[in-house]
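Only one structure is covered here, and it is reproduced in the block below.
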Amino acid sequence: MNILIFQPMLKQYRVPLFVRMKELLEEHGHELRVVSGSPPIKEMSKGDNVITSNNYCIVEKSIWLFSGKLHILRNFCSHILWADFIITEQANKHLHNYVLIMLRLIGVKYFGYWGHGRNRQGRSNSIKERVKKALSLRCDWWFAYTGGVGEYMKSLGFPSSKITVLNNSVDTSEFKGVLDSIGIDEISSFKKDLEIDSKARIGLYCGAIYAEKKIGFLLNAAIQVHHDNPDFILLIVGDGAERYLVEDFAKQHSFVRYLGPLFGASKALAFKSSEVFLCPGLVGLAILDAFASALPIFTTDIPYHSPEIEYLQNYYNGIMVEAREDCYAQTVIRALMDLENLEKLKHNAYLSSNLFSIDKMAHNFVNGIIGYIVSREISEG
């Protein structure tokens, strides 16, 4: 059977997933084709997109209209004609999704959605979300990012037997290897270069720097933590629209080190040198980097986290508290004081990292595809 996966744009971190899925599907006698669009200008600047075709993905030209609200993928019809089963991102903006819905209605093509189920950063009662909710049931299979997404789809009436939970992940194996290779001397040199005392208690934020991440909240809470614990140092890694807030704050507060975007060994050193991962705002896949580094994550109970927040088990591998700066700060202060409990949190965070991997996600994905194929063969007699 020919399996097609549409991606509006292909990020580098997704490549290992599709490579592994291609291998697994070939073992079952099926062919996988991944077709990606070209990213809009604002995404191109990030430098993390696959922009040329290769042996695991065909990159087609995209037309992005109305500030990204409409996505037209060129030549999508030819790929749909090739495929027996199509998997596409659940989003209102893709023109090819509406074509797939029409083709399904007349029994010509079959397809499944892959996604979050709902926009956690949007308004649930908006017209856009109502349309998304209605269209989300117009498919033959659901590939849910997490168990919570699967439960949400079931609550809308989608058959549980046609839902596959993927446990969305990234490939942290290389990152773990780099972390394991870092010795005490390298950590000492890293701290020395940043003028950080050897007895410092280091908290780390690593990720994009924009409003939903609650950067201002983090900086204000950090003042309280440092006031109570003068050994506290906050490392901030990343870039984004609110970078200026961090740069200005770091100039005024000597306990903050802004390192900009880091990758590879430099990023691993920042993680390896820290004790806690601080992200009071939106939590996404960064939770997996934190777990891989044995860093418990500290966040707040905001309603717009990405589905991966489900990987946090409160007071086991991280802590979620009320979204108040004083409450958050006091939680971090207590955690740094209670060394025995902090070690448990760190140990459990690392154990949690073993639950999520690209290989497991690929197997879940392929098992879902095989499940669809089997159910279709049964229905066709």
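The values are calculated or read from the model by the stated rules, or taken from the named source; none is laboratory data. Note that the structure is a prediction, hence the values are computed from the model and not measured. All Cβ positions, even for glycine, are placed from backbone atoms using ideal geometry, and neighbour counts span all protein chains on display. When the accessible area is computed, the model is the full protein with side chains, heavy atoms only, and any ligands, DNA or RNA have been set aside. Shrake-Rupley method; radii C 1.70, N 1.55, O 1.52, S 1.80 Å.
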Accessible surface of residue 223 in the full protein assembly, 1.4 angstrom probe, to the nearest 10 Å²? 70
Bridge type composition, segment 24-118 - antiparallel percent by DSSP, nearest 5: 40
For residue 23, put the label point 7 Å out on the Cα→Cβ axis and report which residues of segment 351-366 keep their amide N under 13 Å from it. 358-363
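For the ranges 132-145, 57-70, what's the packing order if you count other beta-carbon atoms within 10 Å of each residue, average per peptide, and put the highest first?
On the way: 132-145: 19.4, 57-70: 14.1.
The densest-packed peptide leads the list: 132-145, 57-70.
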Under a plain spin-label model, where a point goes 7 Å from the Cα along Cα-to-Cβ, how far apart in nm are residue 339 and residue 182? 2.1
Pick out which of 178, 108, 321 has the largest mean-square fluctuation in a Gaussian network model of the chain, springs linking Cα atoms closer than 10 Å. 108
In debye, nearest 20: dipole of segment 1-76 around its Cα centre with unit charges on the Cβ of K, R (+) and D, E (-)? 380
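For residue 173, what charge total do you get from the other residues with a beta carbon under 11 Å from its beta carbon, if Lys and Arg give +1 and Asp and Glu give -1? List each step's numbers first, then the result.
Numbers: positive: 176; negative: 171, 174, 180, 359.
My count for the surroundings of residue 173 gives -3.
Using a ≥ b ≥ c from the Cα gyration tensor of segment 18-131 (square roots of the eigenvalues), is it rounded, prolate or oblate, where a/c under 1.5 gives rounded and otherwise the larger of a/b and b/c decides, a/b for prolate?
Working: a/c = 1.65, a/b = 1.20, b/c = 1.38.
Oblate, since a/c reaches 1.5 and b/c is not below a/b.
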Given R₀ = 35 Å, what would the calculated FRET efficiency be for residue 314 paired with residue 266, taking r from the Cβ atoms and rounding to 0.05? 0.65
Size of charge dipole - the chain - debye, nearest 20, with Cβ of Lys, Arg +1 and Asp, Glu -1, no other charges: 1440
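For segment 1-154, what is the charge dipole size about the Cα centre, in debye to the nearest 20, if Lys and Arg each add +1 at the Cβ and Asp and Glu each add -1 at the Cβ?
Numbers: 22 positive and 12 negative charges, 175 e Å.
Once rounded to the nearest 20, the dipole reads 840 debye.
Just for the chain, what percent of DSSP beta bridges are antiparallel, to the closest 5?
Bridges in the chain that DSSP calls antiparallel: roughly 15 percent.
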More than 32 Å apart - percent of Cα-Cα pairs taken over the chain: 38
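Between residue 174 and residue 128, 0.36 nm times their residue separation minus their Cα-Cα distance comes to what?
Values: separation 46, 0.36 × 46 = 16.56 nm, distance 3.89 nm.
Separation in residues times 0.36 nm, less the Cα-Cα distance, equals 12.7 nm.
Please report, largest first and rounded to whole Å, the three semi-axes of the ellipsoid equivalent to segment 108-184, where each semi-axis is the square root of five times an eigenvalue of the C-alpha gyration tensor.
Numbers: eigenvalues 221, 53, 23 Å².
Taking √(5λ) for each Cα gyration eigenvalue gives 33, 16, 11 Å.
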For residue 34, list long-range residues whose amide hydrogen, built 1.01 Å from N in the peptide plane, is under 5 Å from its own amide hydrogen. 5, 58
Sorted largest first, the C-alpha extents of segment 240-323 along its principal axes in whole angstrom are 35, 28, 21
Using the Cα centre of segment 193-332 as origin and beta-carbon charges of +1 (Lys, Arg) and -1 (Asp, Glu), tell me which of 265, 253, 332 is placed farthest towards the positive end of the dipole. 265
Cα-only Rg/Rh for segment 203-354 with Kirkwood Rh rounds to 0.92
Restricting to lysines and to Cα separations under 30 Å from residue 272, and discarding same-chain partners fewer than 8 apart, the set is 11, 46, 176, 191, 192, 199, 213, 214, 251, 344, 346, 360
